[in-house]
Amino acid sequence: MPGAERPHYGLTMNYPVWEPPLLGGGLVIGIIAILHVFVSHFAVGGGLFLPLTERKAYRENNPALLEYVKSHSTFFVLVTLVFGAVSGVGIWWAIGLVNPEATATLIHVFVWGWAIEWVFFLVEIAAAFIYYYGWDRLDAKTHLLVGWIYFVAAWLSLFVINGILAFMLTPGKWIEAPSFAAAFFNPGMLPTCLIRTAVSVVLAGVYALLTASTIRDVALRIDVVRYAAKWVLAGAVAIPFGALWYIAVLPPLAREIPAGAASAVTIFAALSVFFSVLVVTFTYFGPYQHPRYFNLAFAVLIAVLSLSSLGVTEWVREAVRKPYIIYDYMYANTLRVADVARVRQQGILKSALWVRQHAVDPERPEVSGREVFRVQCASCHTVDGYNSIRFAVKGWGPEMIEYQLLHLNELKAFMPPFVGSEAERVALRTWLLTLNPQPTIREPAHPGVQAEVPAVDRPGATKP
Amino acid sequence: MNPVIPAPVPVPLPAPVWLVHLLQIFTFVWHLLLMNTLVGGGVMLAISSYLGRRDPHHRDLVQRLARVMPPVIAFTITLGIPPLLFLQLLYGQLFYTSSVLMAWTWLAVVLLLMVAYYGIYWFNFRQEALGARGFWVTLVTALILVRIMLTYNQNMSLLERPQDFYPRFLQTPVGHYLGSFDVGTLLRFAHTLVAAFAVAGLGLMLLTRVWRAEAPELAAWAQRYGLRWFLAGTGVQFLVGPGYLFSLPVEIRNSFLGADTLGTAILAAALVLAVLAMVMARRSPVFAAVAIAGTVGLMVIIRHLVRLARLRPYFDPHTLPVQGQWVVFAIFVVLLLGGLATIGWMLYKFFRPASARATSA
């Protein structure tokens, strides 16, 4: 095996790369995260909805409304305690598998933040159970108080985890002067906290519409449907302000990517606005204006639109962070910015621990190229599935691939630079060329430029 | 072949190693006690669900156990977070590597956990409607919980053997490794599983105290039944435990068999407490529970010492740089105390006698 000796302990590109077929690691995280976000924000907003609606039932002396709150709390527990909690663990699992280096960094910076968030989570879970099992055991005042304790703990949990999440895109002063305070109170923390709180209120209404639509008592259903619709509309009012504030604090490149620098992101950003507007419009003209005609199918439609809005928005948030996973600190492929020069000097295969070759095999460069792809590109690209590299290079000849690799981050600002030796770049190019049938040699576009394919790039080609 | 071990991240530890170890051990004990109750209780539920087709005692037991299981699984998960967080802080480079090598199996834990959790709720809410089919729900749930336990054992065993990382990497595509089924890992798994049966039995004995007023006959029967589980589990552990001990490398094993005074004393104390618990369980389940909690605590310390010893040739967390985040740590401690007080107050309100609740209302 070429270069079988182990590199010395302590380099970057530390971990074996897991390549889930078709989805890729990013989408594995994305699928779990989007579903989790859809539920976890409900866990916060719903936590406000329950005590406020319970209090309303007491004040209006409305036992039917109280019965509704009770049944809604069962739905709430089943959705948030089970799916919300386990999918939250799922994100932790997934990021550890797909981006261990970044996860380890976040844990080193924020371990006490996570510990604090866990305290809130513990109180939240305990309060949820006591609220749920306490309907017939606790007096109204105590029961309401437990509901409020739940909400405060849930919101504080959001507050903490949001600071950690926002850090990844806007690490702010932490880059120059690392400290917990600099990391947590980063420029994006407050605007995203506002957005997430508003989204929680919207989702409290969206989920309440689902349960309210099934109430049999028509008068009560009309009341609760309209009441739930107000939650959607009230929450939605704050989101544009939070969004504008957030956009203002984003790094310039993160603003440019959805503004046209990457068409897919632009489309998704537009879809985010589109779905959000649809949620508000449908809610206003549906359950708010005409609660009598509102039914479960309509409620499901609004829920699906909300999930779509949330999904594309989270996708855009992740996309605009490219080419980094921790902005200005670590690239999406977990290469630290500070390590680029060193890795470039000694080569990616020598720097990466988990490769089967630590030097390019001159006999089979395409095999080495596959290894280079695994450690440097596979965190975002799959071969044949999501963000397929086969499609990306289809129709490209060796010069085109060479040019792209040499100027990767200049041609596509959302991509990290290619980091590796010349031999590794050639090996990667050779492997990329094996992915598609080579284009037939056409007339050169410009006189004097030869469009011939170097034989050395073709695996199995006879060498001169 | 030299072991391949990722480098720790170049960010200092936010607390000294001893403090992180202390918190890791302390929180893991709580997680382990609950996890044992969950897995043992899950198996007990499945068995009673089957026997309950003919035996009214088991039928009644199932109804009551099913109600307890949702909070048990919720708090098992919740209390599992801190020890895993602290593990990732100190041993992240080992934990992530072992997890990535068996990524599919490890990620499946999340999906399986979700299925088991909903299985528990489904059975709880729909017991009567499910009828005899309920047994299958409980069986699948129990098998899933046991499988999750095995996966944890495999991952934690692999992370303690970094010399195995690179060979596994070369043998199987990344993520496809199914975990080791070697004798040492299986004995470790058996050790954990048998402990779960014992702790669940003891947990049942404690639970019957809550039912004593409203269902004295069932409570008396369930107390005897729980005692059988506890005694059988702990008794079998006296065979399985030494088996696991003797599967450890000889120098590590000997450190608990006389070569090291502290290690030997801890193991001896754990065994004495377990024997005391067995002797006292019939007369005082509370005493037995305290003693077994002590045994579990000491076993967690032994587990920690074994891990340190296994990793000593490859990695020592004490070599990592430290830059304490003491203000945030203090905030954490204050909030933890406040949080526990809040939970205590809520539990007090919830569990106080009905007469007191009626008076205050």
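What follows is calculated from the coordinates using simple rules that are stated; it is not laboratory data. Only a predicted model underlies this, so the values are computations on that prediction, with no experimental measurement involved. Here the Cβ positions follow ideal geometry from the backbone for every residue, glycine too, while neighbour counts run over all protein chains shown.
Which number comes out as Rg/Rh for region B:73-150 once both Rg and the Kirkwood Rh are worked out on C-alpha atoms?
Working: Rg = 15.6 Å, Rh = 14.2 Å.
Ratio of gyration radius to Kirkwood radius: 1.10.
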>> So, R0 is 30 Å and r is the distance between the beta-carbons of B:Arg133 and B:Leu206; what FRET efficiency does that work out to, to 0.05?
In response: 0.50
> Hey, what angle do you get for helix A:140-169 against the long axis of chain A, alpha-carbon based, 0 to 90 degrees rounded to 10?
Replying inline: 20
>> Sequence gap of 8 or more, or different chains, plus Cα separation below 18 Å: how many lysine pairs satisfy both in the protein assembly as shown?
In response: 7
>> If I model a spin label as a point 7 Å beyond the Cα along the Cα-Cβ vector, how far apart are those points for B:Val183 and A:Thr434 in nm?
In response: 4.3
> Can you work out the FRET efficiency for the pair B:Ala108 and A:Val300, with r the C-beta to C-beta distance and R0 = 41 Å, to the nearest 0.05?
Replying inline: 0.90
> A:Phe285 to B:Ala213: FRET efficiency via 1/(1 + (r/R0)^6), r the Cβ-Cβ distance, R0 60 Å, to the nearest 0.05?
Replying inline: 0.60
> At what distance in nm do the modelled label points of A:Ile267 and B:Met280 sit from each other, each positioned 7 Å from its Cα along Cα→Cβ?
Replying inline: 6.9
> For helix A:85-98, what angle does its Cα long axis make with the longest principal axis of chain A, in degrees from 0 to 90 and rounded to 10?
Replying inline: 10
> How many nm separate the modelled label positions at B:Leu19 and B:Trp326, each set 7 Å beyond the Cα in the direction of the Cβ?
Replying inline: 0.8
> When Rg is the radius of gyration of the Cα atoms in the protein assembly as shown and Rh is its Kirkwood radius, what does Rg/Rh come to?
Replying inline: 0.99
> Which value in Å is the Kirkwood Rh of region A:15-145 over different Cα pairs?
Replying inline: 16.9
>> Counting only other residues whose beta carbon sits under 10 Å from that of A:Asn436, what net charge do I get with K and R as +1, D and E as -1?
In response: +2
>> Tell me the angle of helix B:285-311 to the major Cα principal axis of chain B, expressed in degrees between 0 and 90 and rounded to the nearest ten.
In response: 20
> To the nearest µm²/s, what D does Stokes-Einstein give for region A:24-331 at 37 °C and 0.692 mPa s, using the Kirkwood radius over alpha carbon pairs as Rh?
Replying inline: 163
